[in-house]
1. Within segment 41-61, can one find any residue that is of a type outside the set (Val, Ile, Thr), not assigned by TED's automatic domain parsing to the domain that holds Thr184 and not in a loop (DSSP other than H, G, I, E, B)?
2. Considering segment 111-146 alone, what residues qualify as being modelled with pLDDT of 65 or more, over 14 Å from Phe70 (Cα atoms) and of a type in the set (Ser, Thr, Tyr)?
3. Check Val69, Val105 and return the single one that is within 16 Å of the ligand (Cβ to nearest atom) and modelled with pLDDT under 85.
4. Just a yes or no: is a residue in segment 1-14 near the ligand (Cβ under 10 Å from one of its atoms) and in contact (Cβ under 8 Å) with a residue 60 or more places away in the chain?
5. Of the residues Asp21, Asp95, which single one is within 16 Å of the ligand (Cβ to nearest atom) and surrounded by fewer than 20 Cβ atoms within 10 Å (Cβ to Cβ)?
Amino acid sequence: MQTLLDIIFPPRCVFCGEVSDGSRVCVVCRGELPWCGGVEIKNGVLVAAPLYYEGRARSGVLRYKKANVFQNDRALAELMAVCVRNHYLGKFRPDVITYVGQNAVQRYRHGFNQSRNLAVNLGGLLKLPVKPLLTKTLSLSKQSRSNAAERRKNAAGAYAARRNAAVKGKCVILVDDVITTGSTVGACAETLKAAGAEAVIVAGLAITRKQEERT
Ligand SMILES: [Zn+2]
């Protein structure tokens, strides 16, 4: 149903920004997005994401990360929810959803946390509670310039479980927007397991392909 708001602000595709037919993913993007059909193990953690981080998905995610548009959170979380239902539910019984933590500097700089926004919407769609279980203890500001081995070393010990994080015996879905080497989600999963979580599975929006890790 078209609302007045849709007429004044017609829905635009999350990925390319073009006015779309009412869906948040336009017909062209639906056909051309690099869909990822399976689950991958990254840095020892099970990761499911609807897209590969390349082409239209990459430019769309970068656009999404720049602009805090709440309708986009929902649209992208819907893609993630389909992925979680297909790959995890049935094999796992998740108890809670959490997201990769930010430190105070990042929170101040960005003003919002995409992984948190995606997690909140994913929780709504899957009817699971969403809780902040992790904090970031170190700044990894130079991360993008370091190689995979350095990233892993930096990431280990960079996260801590929150003092009130009740994860003992729980199956946790960890949300991160983009997963490249898996060093961040690996470190977060280790932290949650050390705090007593029984299983940690990752739901991402986009992941890099395996062969790209080696370059
Ligand atoms: Zn599009």
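1. No: zero hits.
2. Answer for segment 111-146, where residues must be modelled with pLDDT of 65 or more, over 14 Å from Phe70 (Cα atoms) and of a type in the set (Ser, Thr, Tyr): Thr135, Thr137.
3. Val69
4. Yes: one or more hits.
5. After ruling out the rest, the residue left standing is Asp21.
Yes/no per residue for (1) under 18 Å from the mean Cα position of the chain (by Cα); (2) small (Gly, Ala, Ser); (3) surrounded by 14 or more Cβ atoms within 10 Å (Cβ to Cβ); (4) within 13 Å of the ligand (Cβ to nearest atom):
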residue	(1), (2), (3), (4)
Cys16	no, no, yes, yes
Cys26	no, no, yes, yes
Cys29	no, no, yes, yes
Glu32	no, no, yes, yes
Cys36	yes, no, yes, no
Val39	yes, no, yes, no
Val45	yes, no, yes, no
Ala49	yes, yes, yes, no
Arg56	yes, no, yes, yes
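The values are calculated or read from the model by the stated rules, or taken from the named source; none is laboratory data. Small disclaimer: the values here were computed from a predicted structure and weren't measured. Cβ: placed from backbone, ideal geometry, glycine included. Neighbour counts: every protein chain shown.
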